[in-house]
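The values are calculated or read from the model by the stated rules, or taken from the named source; none is laboratory data. Bear in mind that the values here come from a model prediction, so they are computed numbers and not experimental data. Every residue, glycine as well, gets a Cβ built from its backbone with ideal geometry; the counts of neighbours run over all protein chains shown. Calculation scope for accessible area: heavy atoms of the full protein, side chains included, ligands and nucleic acids excluded. Shrake-Rupley method; radii C 1.70, N 1.55, O 1.52, S 1.80 Å.
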Amino acid sequence: MGYKGVEFAGQWGNLPPEELAAFLTEQKMKVCGWHTGIDDIMNPKSQFYALSKATGNKYATISLCGHVEKEWDKAIEICRKAGKAAKAGGLMFTYHNHSQEFAKIDGVYALDKLYGETDPKEVYAQLDTHWIKRGGADPVAYIRQYKGRVPHVHLKDVSAAGEHTELGAGILDLKAIADAAVYVGANWLIYEQDTSKIGSMESARVSMDNLKKSGLA
């Protein structure tokens, strides 16, 4: 289809690290990121670090959107600890947002509170364009305010009805988002679509075709 990398979540397929690395090499795919659990990040001997080392993964990513309403200060402290642990393990810790982080706490977005109260050299942003829009903010403007702190952007479209849809089939300005990603120094634009009416593989194909037509791939 034309994708150059893949972002994993969890211990994908339970393959041994060397076997997964060989599979990726065979497919000519790089690892652009990895979502995992906080326990894996905090344990330097976890399988996650072995998988990351074998595959060349450089990122450890989590989301804690369920904590926003009740214990956001605790979530921020979790991110501080995860940032230090990931850095000690040779990885970059990134926090992935959903729409909940655009609730306001003392007049500011919860997500801004998180980034404002953590070390920018230990806690980075994996910004998701769909959820930024669903949260009521402008994805382009929001990305641009975190220059130097956004190693990758989740390029995810949203329909006029506020649903998940293929890239290029929704209302987001993908070219402006891509330009913003370049401006802030992002290394990857990561396509993600939570749900699809046509199946995940067909969605991936349609999205890539639309990116090619628009000159973004």
Being of a type in the set (Lys, Arg) and open to solvent by 10 Å² or more (accessible area, probe 1.4 Å) is the requirement here; does Lys74 meet it?
yes
The number of residues in the stretch 15-38 that are out of contact with any helix residue (DSSP H, G or I) (no Cβ under 9 Å at 6 or more places or on another chain) and either closer than 28 Å to Tyr95 by Cβ or assigned to a strand (DSSP E or B) (or both) is 3
Selection count, the stretch 96-127, where residues are over 13 Å from Tyr146 (Cα atoms), open to solvent by less than 40 Å² (accessible area, probe 1.4 Å) and assigned to a strand (DSSP E or B)
1
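Residue-by-condition table, conditions (1) in a loop (DSSP other than H, G, I, E, B); (2) open to solvent by less than 40 Å² (accessible area, probe 1.4 Å); (3) modelled with pLDDT of 95 or more; (4) polar (S, T, N, Q):
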position	(1), (2), (3), (4)
Val140	no, yes, yes, no
Ile143	no, yes, yes, no
Lys147	yes, no, yes, no
Val153	no, yes, yes, no
Ala160	yes, no, yes, no
Leu167	yes, yes, yes, no
Ile177	no, yes, yes, no
Ala180	no, yes, yes, no
Ile190	no, yes, yes, no
Tell me the residue from Gly33, Gly37 that is under 18 Å from the mean Cα position of the chain (by Cα), closer than 23 Å to His154 by Cα, modelled with pLDDT under 95 and not aliphatic (A, V, I, L, M), please.
Gly37
For the stretch 50-71, name all the residues that are buried (at least 22 other Cβ atoms within 10 Å of the Cβ), assigned to a helix (DSSP H, G or I) and of a type outside the set (A, V, I, L, M, F, W, C).
Ser52, Thr55
